[in-house]
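As structure tokens, the structure follows; a few thoughts come after it.
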Amino acid sequence: MAPLSRAPSNEPAVGELLTLNDESAGSQVVIAPERGALVTSFKVLGRELLYLDRATLNDAGKNVRGGIPVLFPAPGKLEADTWHAAGQSGQMKQHGFARNLPWTVREDATGAAAVTLLLDSNADTHAQYPWAFQAQLRFALEGRSLRIVARVRNESQTTLPFALGYHPYFLASDKRQLRIDTRATRAFDNVAKQTLPFKGFDLDLAEVDLHLLDHGSSASALHFADGSYVSLTGSPEFTHWVVWTLSGKDFVCLEPWTAPGNALNTGERLFELLPGHEQECSLQIAWHSR
């Protein structure tokens, strides 16, 4: 099987699907460029690591619940869905627009199991965010790990404010047996809307939405009952981590962000990219057997 293959989906809303294969490692990644550069599947030795609600994937009017959504230029929810930054203002829905827009494909010339997707600013982005930019995502399957390298280039004449995040939905049928690595002592509970001492995760609650305020690392891991685990290793910019799940749904989201929610308003840990400059961030997601 070729390291990169392209094929149309059976669903019009999904469009083309890209498949990365590493036969030597028994790993495979599927990406839907037209659904926000969404990784829809990550399998290792036949084991699916990601949850996906296909009904939301196949409906262009819905946010996809599952896979690995890309959060740009504003992870989290803005206050009243409104932002004020760098002398500009506008409105934007939760997690930004990148996950809802089609990305274009640039194939990798090296013959590796890799592909680069591009999002250029356009009328849809300018209606929410007036800056000119190009965002790139390079996905590379290397053994049992998926490496995502994001590059954002400021093509405006003024400073570009933004943040970046990922929202991976990890498949988890028995959440009581899961363990998540963190050194956090404080968390903002986005359900109760208050900051609390962090004493561990109760993933059996109706909803868990915890922002780890002092996670203290750009890495974490999700450990399963069979001794296997998924590690997430981000570049140093990924300082804000979120854990989210819902009762009755077989997923746990372990989300690395470069800034907390509402950063376009507060400025906290926000990138401020000079004209003509580029910012790069990376994330590696790997599966480890017991």
Failed condition for Leu232, given (1) in contact (Cβ under 8 Å) with a residue 24 or more places away in the chain; (2) not basic (Lys, Arg); (3) not in a strand (DSSP E or B): (3)
Pick from the range 52-70, criterion free of Cβ contacts under 8 Å to residues at least 40 places away in the same chain and open to solvent by 30 Å² or more (accessible area, probe 1.4 Å), ranking: nearest to the chain's Cα centre (by Cα): Asn63
Tally, over the range 98-112, of residues that are open to solvent by 10 Å² or more (accessible area, probe 1.4 Å) and at pLDDT 95 or above: 7
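Residues checked against (1) hydroxyl-bearing (Ser, Thr, Tyr); (2) within 25 Å of Leu222 (Cα to Cα):
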| position | (1), (2) |
| --- | --- |
| Gly15 | no, no |
| Asp22 | no, yes |
| Gln28 | no, yes |
| Val44 | no, yes |
| Arg65 | no, yes |
| Val70 | no, yes |
| Leu78 | no, no |
| Asp81 | no, no |
| Thr104 | yes, no |
Selection from the range 261-276 of residues that are assigned to a loop (DSSP other than H, G, I, E, B) and open to solvent by 50 Å² or more (accessible area, probe 1.4 Å): Glu268, Arg269, Leu274, Pro275
The range 192-208 - residue that is without any contact (Cβ under 8 Å) to a residue 40 or more places away in the chain and among the charged types (D, E, K, R) and, of those, most open to solvent (accessible area, probe 1.4 Å): Lys199
Selection count, the range 144-174, where residues are open to solvent by 20 Å² or more (accessible area, probe 1.4 Å), within 30 Å of Asn21 (Cα to Cα) and not in a strand (DSSP E or B): 3
Residue in the range 74-93 that is within 17 Å of Glu255 (Cα to Cα), crowded, with 16+ Cβ neighbours inside 10 Å and aromatic (Phe, Trp, Tyr) present: no
Residue in the range 209-222 that is touching a Leu at 6+ places or on another chain (Cβ under 8 Å) and open to solvent by 40 Å² or more (accessible area, probe 1.4 Å) present: no
Matching residues in the range 141-183 - criterion: being closer than 19 Å to Leu52 by Cα, in contact with a Leu (Cβ under 8 Å, 6 or more places away or on another chain) and among the polar types (S, T, N, Q): none
Qualifying positions in the range 71-86 - free of Cβ contacts under 8 Å to residues at least 60 places away in the same chain and either assigned to a loop (DSSP other than H, G, I, E, B) or under 21 Å from Gly61 (Cβ atoms) (or both): Asp81
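The values are calculated or read from the model by the stated rules, or taken from the named source; none is laboratory data. Bear in mind that the values here come from a model prediction, so they are computed numbers and not experimental data. Every residue, glycine as well, gets a Cβ built from its backbone with ideal geometry; the counts of neighbours run over all protein chains shown. Accessible surface areas use protein heavy atoms only, side chains included; no ligands, DNA or RNA. Shrake-Rupley method; radii C 1.70, N 1.55, O 1.52, S 1.80 Å.
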